[in-house]
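The values are calculated or read from the model by the stated rules, or taken from the named source; none is laboratory data. Remember, predicted model here, so these are calculated numbers, not experimental data. No Cβ is skipped: glycine too gets one built from the backbone with ideal geometry, and neighbour counts run over all protein chains shown.
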Amino acid sequence: MKRTKLLSGMIVTALFGLYLYALLKVILFKLQPIDVTFLWQQLQVKIENPHALMDRLKTGNTTPFHQISENMQMNSGQDFLNLVGNVALFMPLGVFLFILLKNNGLSIVGVMVLSFVLSLSLECAQAVFSLGVFDVDDLILNACGGLLGYLLYKIYFKLKEKAMVTSNLGAKI
């Protein structure tokens, strides 16, 4: 039993690592190869000229719900995909957080904070490495995605537990 739990824990941890790698590939590199030389050059530019980073941040969206409302008004398939995609990309994070941290008393606020921090890290990396545009709305949508994944899996877990208890009671009768 302990061996099975250890193995399943290792598998979940490996899957979480794969998820984080895939998230980086999608958000930062748009599924393109990772060019370490380019990243290093961009980092050097930002260190030598901090104003370049400030300029990148100024071109981004720092007004909450600005891009979300524009996307909803445009009503194009691409805009809809952007909104749904930003939520969907972080739903697995919520599931992994529930599985990996359920015994540590992780709260809904904790899930929101962890989702937000990961999203903020990725948005800042986009600005630093010139891989995309900083968008505060992505932070909002990503955090909501993490929360949604967490809540859906928590509901599933509770229903599964309840079904197992009911099944065990029925077997004893």
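Table for the structure above
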{"quantity": "Residue that is farthest from the chain's Cα centre (by Cα), among those in region 106-128 that are under 15 Å from MET54 (Cα atoms) and surrounded by fewer than 20 Cβ atoms within 10 Å (Cβ to Cβ)", "calculated": "VAL128"}
{"quantity": "Residue check, ILE11 buried (at least 16 other Cβ atoms within 10 Å of the Cβ) and either in contact (Cβ under 8 Å) with a residue 40 or more places away in the chain or among the aliphatic types (A, V, I, L, M) (or both)", "calculated": "no"}
{"quantity": "Selection from region 126-150 of residues that are out of contact with any Pro (no Cβ under 7 Å at 6 or more places or on another chain), of a type in the set (A, V, I, L, M, F, W, C) and farther than 13 Å from GLY60 by Cα", "calculated": "PHE129, LEU141, ALA143, CYS144, LEU147, LEU148"}
{"quantity": "Near pairs, Cβ below 6 angstrom, 6+ apart or cross-chain, from region 66-78 (assigned to a helix (DSSP H, G or I)) to any residue that is among the aliphatic types (A, V, I, L, M)", "calculated": "ASN71/LEU83"}
{"quantity": "Some residue of region 138-147 being in a helix (DSSP H, G or I), exposed (fewer than 13 other Cβ atoms within 10 Å of the Cβ) and modelled with pLDDT of 95 or more", "calculated": "no"}
{"quantity": "Residue in region 85-96 that is crowded, with 17+ Cβ neighbours inside 10 Å, without any contact (Cβ under 8 Å) to a residue 40 or more places away in the chain and either within 30 Å of LYS5 (Cβ to Cβ) or touching a Leu at 6+ places or on another chain (Cβ under 8 Å) (or both) present", "calculated": "no"}
{"quantity": "Number of positions in region 97-110 that are touching a residue at least 12 places away in the same chain (Cβ under 8 Å), of a type in the set (Val, Ile, Thr) and more than 12 Å from LYS154 (Cα to Cα)", "calculated": "0"}
{"quantity": "Any hit, region 148-160, residues being of a type in the set (Lys, Arg), loosely packed, with under 14 Cβ neighbours inside 10 Å and out of contact with any Ser or Thr (no Cβ under 9 Å at 6 or more places or on another chain)", "calculated": "yes"}
{"quantity": "Every residue from region 19-37 that is surrounded by 11 or more Cβ atoms within 10 Å (Cβ to Cβ), in a helix (DSSP H, G or I) and without any contact (Cβ under 8 Å) to a residue 12 or more places away in the chain", "calculated": "LEU20, TYR21, ALA22, LYS25"}
{"quantity": "All positions within region 38-65 that are among the small types (Gly, Ala, Ser) and assigned to a loop (DSSP other than H, G, I, E, B)", "calculated": "GLY60"}
